Amino acid sequence: MKKILFIEDESVLQKTFEKALRAEGYDIISALDGETGLKLAQTQKPDLILLDLILPRLNGFEVLKKLKEDPQTKEIPVIILTNLERMSDIDKALELGATTYLVKVNYSLEEVIKKIKKTLGDSEE
Amino acid sequence: MNKETILQRLNIRQQCKKYPLPIWQCPQFIFVVMGVVIIISTLFTYSISFKYIDDPLLIALIVLLISWILLIMAYVVTHGVEKLADAARLKMEFLTIMTHQLRAPFANLKWIIDLLVSGKIGTISNDQKEYLDILAENSKRLEELINKIITASKIEAGQFPLDKKPFSLKELVQRVVTSARAYAEASNVKITLNIQENLPKAFGDQARIREVIENFLDNAIKYSKGKGEVEISVFKKDKSLYLEVKDSGVGIPKEDQKYIFQKFFRAKSAFKHQTQGSGLGLFIAKSIILAHKGKIGFKSQEGKGSTFWFTIPIAEQQQ
């Protein structure tokens with residue numbers, strides 16, 4: 001069973017994604033702040049990381065930078081899931097090594113799950 | 001202060017990137033320019049004084065006085081510019097945070113509704129689905145209103161970047177009309193299109209121009225109470241493309257017409273006919289067209305209808 005790490009400070013969203021992704025057959029681990037998320041990425045070695053950018057303790061950009069600097073985590077694909085939509089934020093995240101950048105309000109839950117499946121190679125398309 | 005910090009501080013371009021302003025309004029750039037002005041002025045004062053004054057002490061005093069006056073002026077100017085630049089940066093950061101904080105609940109609502117409707121956490125009845133659809137629709141309406149408020153705030157803060165490219169205005173209008181057909185039919189309004197053959201491409205931000213056309217068309221349908229007709233015409237006019245949306249609706253009272261593009265303004269006809277709206281659509285539309293160096297206007301007669309129009313540049317002339 002593939003493992004997804006969800007780093008997001010809104011517990012409501014975490015619960016929503018846990019239920020949605022478990023229904024799709026994925027195992028999901030969650031972190032409510034950047035520091036905990038980084039530690040979980042290093043210890044649990046997930047197959048994919050869903051990362052918010054506005055996070056307490058360590059923001060998403062810093063988490064992404066450290067993930068890509070660490071040889072143990074740099075190959076893990078990272079999908080940014082955020083409400084920040086400035087071009088400068090999108091460019092910065094992609095330059096730091098994010099695989100995909102999704103602005104939350106522009107995607108339905110189904111579309112986000114499709115992106116996740118495609119990144120993990122589980123897409124039926 | 002270590003070597004890296006000093007080098008970073010000397011990198012003017014890097015320092016100026018943190019401000020949402022052109023480089024000539026950046027305090028660090030102004031500081032460098034003032035420095036160059038002081039050096040040139042000091043050398044100039046020295047050479048002129050040397051030509052006309054024999055006493056070296058007097059020359060030194062004059063040069064010192066001029067340099068001192070220029071240094072004080074440079075400090076005042078740079079300090080003032082820095083305060084303005086910081087205010088612009090804080091406004092930008094505030095807008096970014098507010099955009100994020102206002103939009104966050106909508107993403108949550110949307111996805112929770114998606115999850116419930118999907119049946120992945122239990123089946124729902126038709127009645128429950130109906131109420132969830134109402135919830136989703138109202139959440140979308142509130143989201144659109146928040147988006148308009150955010151857009152209006154960004155326009156006022158000068159944070160309104162456009163992605164300008166050549167595009168087909170004819171195809172854009174056709175797409176907008178297709179997506180408005182159901183609304184028009186439900187409102188008993190007929191839409192006709194008059195688009196010039198071989199229309200040249202427009203130059204602008206297609207998504208933003210779409211917002212303007214949607215706003216005009218939405219208003220035209222909304223204020224055509226009962227059976228009505230909306231006519232959209234697009235043609236080349238001088239060096240621009242001209243688009244107008246004409247309706248046979250309620251029109252705008254004469255005393256309200258001068259306020260029609262103001263933020264949050266809604267004409268008396270809007271309240272009289274109980275139509276929904278934020279009063280931001282036309283304010284945003286005008287800002288978009290002016291940012292494209294186009295023109296926007298309207299003519300209206302109460303009881304007879306209104307014609308809203310705009311012009312935007314043609315693509316060949318921009319490249």
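The values are calculated or read from the model by the stated rules, or taken from the named source; none is laboratory data. Every value quoted in this text rests on a predicted model; they were computed, and no experiment measured them. A quick note on method: Cβ atoms are made from the backbone with ideal geometry, for glycine too, and the neighbour counts reach across all protein chains shown.
Just a few scattered comments:
- Every listed requirement among (1) within 14 Å of chain A (Cβ to nearest Cβ); (2) assigned to a helix (DSSP H, G or I); (3) in contact with a Gly (Cβ under 9 Å, 6 or more places away or on another chain) is met by B:A88 save one, (1).
- Any hit, the range B:242-253, residues being modelled with pLDDT of 95 or more and over 15 Å from B:S300 (Cβ atoms): yes
- Scanning the range B:118-132 for residues that are more than 7 Å from chain A (Cβ to nearest Cβ), modelled with pLDDT under 85 and either surrounded by 14 or more Cβ atoms within 10 Å (Cβ to Cβ) or not in a loop (DSSP other than H, G, I, E, B) (or both) returns a single hit, B:S118.
- Any hit, the range B:166-180, residues being within 22 Å of the chain's Cα centre (by Cα) and under 19 Å from B:K304 (Cα atoms): no
- Of all residues in the range B:87-134, those satisfying the criterion of being among the β-branched types (V, I, T) and more than 30 Å from B:I155 (Cα to Cα) are B:I112, B:I113, B:V117, B:I121, B:T123, B:I124, B:I134.
- Test result for A:A20, crowded, with 21+ Cβ neighbours inside 10 Å, small (G, A, S), farther than 23 Å from B:L102 by Cβ and within 14 Å of another protein chain (Cβ to nearest Cβ): yes
- Tally, over the range B:91-104, of residues that are modelled with pLDDT of 80 or more and either under 19 Å from A:I113 (Cα atoms) or more than 9 Å from every other protein chain (Cβ to nearest Cβ) (or both): 1
- Unmet requirement for A:E75, which otherwise passes all of (1) away from chain B (no Cβ under 12 Å); (2) surrounded by fewer than 17 Cβ atoms within 10 Å (Cβ to Cβ); (3) in contact (Cβ under 8 Å) with a residue 40 or more places away in the chain; (4) out of contact with any Asp or Glu (no Cβ under 7 Å at 6 or more places or on another chain): (3)
- The numbered conditions (1) crowded, with 18+ Cβ neighbours inside 10 Å; (2) under 14 Å from A:F6 (Cβ atoms) are all true for A:L64 except (2).
- Sole exception among (1) under 21 Å from B:I97 (Cβ atoms); (2) in contact with a strand residue (DSSP E or B) (Cβ under 7 Å, 6 or more places away or on another chain); (3) charged (D, E, K, R) for A:D47, by number: (1)
- Selection over the range B:157-196 of residues that are within 14 Å of chain A (Cβ to nearest Cβ) and small (G, A, S) gives a count of 1.
- Given (1) under 26 Å from B:C26 (Cβ atoms); (2) touching an Asp or Glu at 6+ places or on another chain (Cβ under 8 Å); (3) free of Cβ contacts under 8 Å to residues at least 12 places away in the same chain, number of the condition B:I97 does not satisfy: (2)
- Against the numbered list (1) free of Cβ contacts under 8 Å to residues at least 24 places away in the same chain; (2) exposed (fewer than 14 other Cβ atoms within 10 Å of the Cβ); (3) more than 25 Å from A:L84 (Cα to Cα), B:N188 comes up short only at (1).
- Pairs, first over 11 Å from B:L282 (Cβ atoms) in the range B:296-310, second of a type in the set (K, R) and at pLDDT 90 or above, C-beta under 6 Å, six or more apart: B:T307/B:K246; B:T307/B:K299
- When restricted to residues that are under 13 Å from the mean Cα position of the chain (by Cα) and within 13 Å of another protein chain (Cβ to nearest Cβ), the range B:141-156 contains 4.
- Per-region count, the range A:85-112, residues in contact with a Ser or Thr (Cβ under 7 Å, 6 or more places away or on another chain) and within 12 Å of chain B (Cβ to nearest Cβ): 3
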